[in-house]
Structure formats: structure tokens, C-alpha cells
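Here's the structure, in C-alpha cells; my notes come after.
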Amino acid sequence: MTVLAHRATASDEVTRDALAVLQPGFEGTTAPAWLLRRIGEGLTSVGLFGRNIASPEQLAALTAQLRAERDDVLVAIDEEGGDVTRLEVRGGSSFPGNLALGAVDDTGLTRDVAHELGRRLAECGVNLNWAPSADVNSNPDNPVIGVRSFGADPHLAARHTAAYVEGLQAAGVAACTKHFPGHGDTNVDSHHALPRIDVDLDTLAARELVPFRAAIRAGTKAVMSAHILVPALDPTRPATLSPQILTGLLRKELGYEGLIVTDGMEMNAIAGTYGIERGSVLAIAAGADAICVGGGLADEDTVLRLRDALVAAVREGTLPQERLADAAARVRALAAWTLGARPAARPEGS
């Protein structure tokens with residue numbers, strides 16, 4: 001009887017951990033019953049998109065609805081300003097994007113812009129922003145980064161990435177610096193196919209990694225992985241699924257200890273090759289802590305499929321239970337940070 005009880009407890013714990021590492025989306029401007037139920041069962045994060053937002057008042061009511069189920073729930077959004085906005089999806093962002101900020105090259109201004117953006121997000125109950133883009137825009141044919149980058153100079157991108165992280169987090173909103181290890185030198189959009197960056201390690205260190213090192217020094221709470229193949233680091237698996245890149249490079253070499261979030265798993269670079277279930281298991285095994293899904297797949301079935309795939313992988317021994325537990329603990333640690341993060345006074349000069 002005791003053994004059976006222990007097994008049931010362990011199974012419940014694995015299921016809660018599997019839910020904790022998911023960052024799903026949903027349809028509509030109010031939280032559906034299934035989402036609230038899963039939050040009660042252990043889901044710790046929710047991702048919001050333009051379809052979920054009608055006004056600041058409605059967004060605040062939505063996040064309050066989520067927090068009634070769990071007061072430390074992570075509410076994430078993709079709010080870069082410029083071309084990528086969710087808060088102002090209908091009329092366009094009133095904030096300059098990264099390329100404009102990089103062109104002005106005033107880190108105080110970048111910090112102030114990020115702080116004000118963070119203040120507005122926090123006011124609406126959003127506490128995790130999938131931004132800034134730390135990609136160095138070294139390839140003019142890049143179809144997906146472009147003006148989302150601060151520029152083509154790694155050191156300019158680095159100082160503005162750090163300023164953005166500092167400004168956003170001073171407002172009580174966790175930054176998620178992306179797309180590691182750098183999506184700038186690609187000519188393929190990972191929403192559609194798997195891009196690759198064929199450069200040597202020295203080039204990566206001197207270009208792609210410079211802004212990420214700066215973000216880590218600035219204390220970024222999260223880093224988002226890229227669905228890109230970098231043969232110099234891992235010839236077979238894209239960064240999101242690569243132990244060499246997520247654990248070897250980001251954790252061990254760069255010394256990063258915060259949350260690692262995947263880019264959207266339904267993007268074709270992953271879904272079209274591995275499928276979202278296998279891709280999610282491989283991502284957690286490689287060192288990712290949170291699975292972003294919901295831009296295209298925004299229903300309960302997706303959440304249950306991914307939960308069950310992670311639980312099955314633990315039971316089959318293809319995903320160590322300790323790795324899943326560690327990932328879930330990092331998610332919960334960031335959720336706890338957001339509870340204690342209080343909006344600070346506006347930075348000087350604002």
C-alpha cells in the first residue's frame with residue numbers, strides 16, 4: 001500500500017512538473033475553463049498573443065482571472081515595440097523598435113523605452129516579455145530579424161541589449177533575451193524551415209555571442225533558444241534541441257543560470273522535422289526549461305499532448321526525472337521572482 005502511494009505521489013509530481021514547463025496559448029479575450037483548470041493542476045505559465053488583447057482594461061481583467069487561480073502565474077507576451085507588438089496589435093506600436101534605438105545609439109533612451117514598456121505591461125498584469133532580440137543583423141537578406149535587431153555591430157547590439165534588459169526588469173517584468181545563440185546571420189525564416197549558420201567558432205564568439213554575454217551580465221531572467229542549426233556547435237541538432245548549445249555553451253561556458261525558454265515549438269523548423277511532442281522532450285533533455293507553444297496551436301489538446309509526452313518520456317527513461325524537475329523548479333523560481341519584483345522608480349533622465 002505504501003509502495004503504491006509512493007508511486008502515485010511520484011506520478012503526480014511528474015505530471016505537475018510536465019505542466020509547469022509548458023507556456024501555452026489559448027483563444028479569446030477571457031481565460032477558458034480548461035486553462036484555469038490546468039493552472040490549478042500545476043501549469044505555471046501562459047503565453048498571450050494579439051488575439052487575446054482588446055484593450056489595457058480587458059488585458060488587466062484577463063490576467064487577474066489567471067491570478068485568481070495562481071497568484072504567481074507567469075503571463076508572457078511578445079512585446080518588442082516597433083514591428084512586433086501585441087499590446088497595440090490593432091494600431092501599431094507607439095514605441096520605437098530596436099533598429100531605431102540602435103540608430104540613435106543612446107543607451108539611456110533604450111533603457112527608458114524598455115522601462116516604460118515594462119511599466120505598461122506590469123500595469124496590465126504581464127510579467128514576462130519575450131524580448132529583447134539580441135540578434136546581430138549581419139545578413140541583409142535575413143527575412144525574420146531585420147529591424148528587430150539593434151544593428152549589425154555586435155558591441156552596439158550588446159550595450160543596447162543590456163540597457164533594454166535593465167530597463168524592462170526595473171519595471172518588474174522579466175526579460176527573455178532571444179534568439180540564442182544568434183539568429184542574425186540567416187536567410188531562412190525558422191517559422192517555415194530550418195535555417196543554418198555556417199561560421200566558425202571564432203566568428204560566433206566575436207559576433208553572435210557578444211550581446212548574449214552582455215544580457216547575462218545585465219541579469220536577464222530568461223533566454224530564448226533559436227530553431228537554427230549551427231554546425232560549428234552541433235552538426236545534427238538545432239539549438240533548441242542541442243545539449244551542446246543549451247547546456248554546454250549557454251549554461252557551462254557562458255555561466256547562465258536563469259530560465260531557458262524555447263521559441264515556438266509549432267514553428268516548422270521543429271514541428272516539421274521532429275514533431276512537437278518529440279521536439280519538446282528533446283528540448284527539455286537538452287537543457288531547456290520552458291516550452292513555448294501557442295502561437296499556432298492554442299488549445300487544451302496541445303497542452304495534454306505535450307504533458308503526456310513528457311510524462312511518458314520520464315517513465316520510459318528517455319528523459320531523466322531530475323532534468324524535468326530541475327526545469328520545473330527554474331520556472332517556479334522565476335514565477336516567485338515576479339511576486340517580489342516591485343516596479344522601481346523611473347531611471348534618471350526619463
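Here are the numbers for this structure:
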read-out	value
Failed item, numbered, when residue 67 is tested on (1) open to solvent by 40 Å² or more (accessible area, probe 1.4 Å); (2) modelled with pLDDT of 95 or more; (3) under 21 Å from residue 167 (Cβ atoms)	(3)
Among (1) open to solvent by 30 Å² or more (accessible area, probe 1.4 Å); (2) at pLDDT below 95; (3) not hydrophobic (A, V, I, L, M, F, W, C), the one test that residue 132 misses	(1)
Residue under evaluation residue 51, criteria (1) assigned to a helix (DSSP H, G or I); (2) within 22 Å of residue 295 (Cβ to Cβ); (3) at pLDDT 95 or above, criterion not met	(3)
Lone qualifier among 215, 239, 226 - being open to solvent by less than 10 Å² (accessible area, probe 1.4 Å) and either farther than 10 Å from residue 181 by Cβ or of a type in the set (Val, Ile, Thr) (or both)	215
Exclusive hit being outside any helix (DSSP H, G or I) and either of a type in the set (Asp, Glu) or modelled with pLDDT of 95 or more (or both), set 36, 43	43
Count of region 282-320 residues which are in contact with a helix residue (DSSP H, G or I) (Cβ under 9 Å, 6 or more places away or on another chain), open to solvent by 20 Å² or more (accessible area, probe 1.4 Å) and more than 18 Å from residue 42 (Cα to Cα)	7
Residue check for residue 339: surrounded by fewer than 19 Cβ atoms within 10 Å (Cβ to Cβ), at pLDDT below 95 and outside any loop (DSSP other than H, G, I, E, B)	yes
Top-ranked residue of region 190-212 - restricted to ones that are part of a loop (DSSP other than H, G, I, E, B) and free of Cβ contacts under 8 Å to residues at least 60 places away in the same chain, ranked as most open to solvent (accessible area, probe 1.4 Å)	198
Every residue from region 54-80 that is among the charged types (D, E, K, R) and outside any helix (DSSP H, G or I)	70, 71, 72, 78, 79, 80
Some residue of region 104-122 being modelled with pLDDT under 90, out of contact with any helix residue (DSSP H, G or I) (no Cβ under 8 Å at 6 or more places or on another chain) and either over 27 Å from residue 64 (Cβ atoms) or surrounded by fewer than 19 Cβ atoms within 10 Å (Cβ to Cβ) (or both)	no
Selection count where residues are in contact (Cβ under 8 Å) with a residue 24 or more places away in the chain and either under 16 Å from residue 335 (Cβ atoms) or open to solvent by 40 Å² or more (accessible area, probe 1.4 Å) (or both), scope region 49-60	3
Matching entry among 245, 276, 270 (being open to solvent by less than 60 Å² (accessible area, probe 1.4 Å), in contact with a His (Cβ under 6 Å, 6 or more places away or on another chain) and under 30 Å from residue 196 (Cβ atoms))	270
Matching residues, region 221-276, being closer than 29 Å to residue 171 by Cα, charged (D, E, K, R), in contact (Cβ under 8 Å) with a residue 12 or more places away in the chain and part of a loop (DSSP other than H, G, I, E, B)	221, 263
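The values are calculated or read from the model by the stated rules, or taken from the named source; none is laboratory data. Fair warning: this is a prediction, and the values are worked out from it, not measured in the lab. Using ideal geometry, Cβ is built from the backbone for each residue, glycine included, and neighbour counts are taken over all protein chains shown. For accessibility, only protein heavy atoms count, side chains too; no ligands or nucleic acids. Shrake-Rupley method; radii C 1.70, N 1.55, O 1.52, S 1.80 Å.
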